[in-house]
C-alpha cells in the first residue's frame, strides 16, 4: 500500500503523546478508571476461583481429563464462532450499559452453577451448558470491555490502562487459585461458584458510580447492513492492524497452551504433584505482573517491541523445553510470563490506537476472536503432539512456531513500512549491528518502525 493510500485510509490522528516513560499507575488518576479497576480485581479473583473449581468439579464428576478439555472448549467456542458479531454490538450501543448487562449475566450464571452444586443436583452437562453460555456473554463483554478503556482514560493513557488491566488480571491469578483451593477443601466447589457469582457485584457497582460526563465521547456506529464485512475490509486495508493480529493468532493458538505443557512436565518429567503445578502457574503469574507493570511505564508503543517480545517469548519457550535442570526450568517460567504479557499488552494497545474509534469494537472483536478463539484448535493439536512425541517436543514446537511467526511478521511490517534491515559489521561506539533504514524505492511509514 502506498504512502498516499495509507494516509487516506488512516484514522483520525490522536493527540500527540510525548515519548519516554510515564507513571506506572497514571491511569488510576482518572476516577472512572479507578472504579473500573477496583471492581475488576474482585471479579477477576472470582473468575480464577471459579476456573479452578469448575475443572475440579468436572474431574470429580467424570474422572476424565478429556471432559475437562471439553469444558474449556465449550467456553471458548462461542468466541471462535460469533466473535465478530460481538464487535458490531460493541460499536453500536453504549458500552457502559452493555457492560452492566454482561457483568450481571455472568454473575447470575455463576450463582446458578453454585445453586446446582450446593443442592447436589449438578451434572456434567450442566457445567458444559453454563460454560457455553458464559462464552456467549464473553463474545459481547470482551470487545466492549477492551474498547471502553479508551472512553474512560482517553488516547494519552490507553497504553497504560491496557497494561494495568493485564496486571490486574494476573494479580488475581496469583490469589484466586489459592482461595479456590481453600474453599473446595473446606466447604466444597459450590461455595467457590457462589463467591464468583457475588464478585460481579463489584464491577457493576463501579459502573453505576461512574460520572458519565467525564467519559470521552466516542462516535457510535448506527445500525446498518454490511458492518461486519466493513470491519474485515478495514483491517485488511491496514498492514499496521492485520500483521499484529496475524502474529497474535499464531502465538495464541500454538504458544499459549501452558495447561497442557506445565501439567505434562509435572507428571512426566519432574514427577511432581498438584502443588508443583500450582507453583509453576504462580511463577508465570509473577512474571506476567512484572511484564504488565513495566509495559505500563511506556508512553509509546513500537512495532519492533511487539515483534521483539514475541521472538523472545518463543526463544524462551524453546530454552525451557530443552532445559536439563528443574531449577533452570523454574527460573525460565518468570521471563516467559513477562514477555508473554509484554507481547499481549503491546499488541492490544497498538491495535486500539491504530484503529478509527468508530471501528474499534469490530477490530478488537477480531483481535480477541483470533487470540482466544484459537484455543479450541491449537489445544487438541498441541495435546496430540505432546502425547505422541513427548512434552519437550510439544513445548519446543510451540516456541518454534512463535519465534518463526515473529520473524515472518517482522519482515512483513518492515516491507509494509518501506524499510529494510541494514547490517553493519564494522566496529564503533555508535554503530549498531542491525538497524532499520528507509528503502530507496519508497518512503518510510513511521507506523511500521
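We did not get these values from a lab; they are worked out from the coordinates using the rules stated. Quantities reported herein were computed from a predicted structural model and do not represent experimental measurements. Neighbour counts are summed over all protein chains in view; Cβ atoms, including those assigned to glycine, are modelled from backbone coordinates with ideal geometry.
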Assertion target for 33, 128, 234, ordered by fewest C-beta neighbours within 10 angstrom first, is 128, 234, 33
How do 331, 58 rank when sorted from fewest to most other Cβ atoms within 10 Å of their own Cβ? 331, 58
Under the 0.36 nm per residue contour assumption, what length would be gained going from the current alpha-carbon distance of residue 302 and residue 356 to full extension? 17.6 nm
If you rank 141, 157, 387 by fewest surrounding Cβ atoms within 10 Å, what's the result? 387, 141, 157
What whole number of Å gives the distance from the Cα centroid of region 362-411 to the Cα centroid of region 308-356? 13
Could you check the spin-label model distance between residue 101 and residue 381? Points 7 Å from the Cα along Cα→Cβ, value in nm. 3.5
Sites residue 322 and residue 38 - FRET efficiency at Förster radius 60 Å, r taken between beta-carbons, to 0.05: 0.90
Efficiency of FRET from Cβ geometry, residue 279 and residue 92, R₀ 45 Å, rounded to 0.05: 0.50
Between residue 212 and residue 185, what's the calculated FRET efficiency when r is the beta-carbon distance and R0 is 51 Å? Round to 0.05. 0.70
Simple label model, 7 Å out from Cα along Cβ direction - residue 25 to residue 121, nm: 4.6
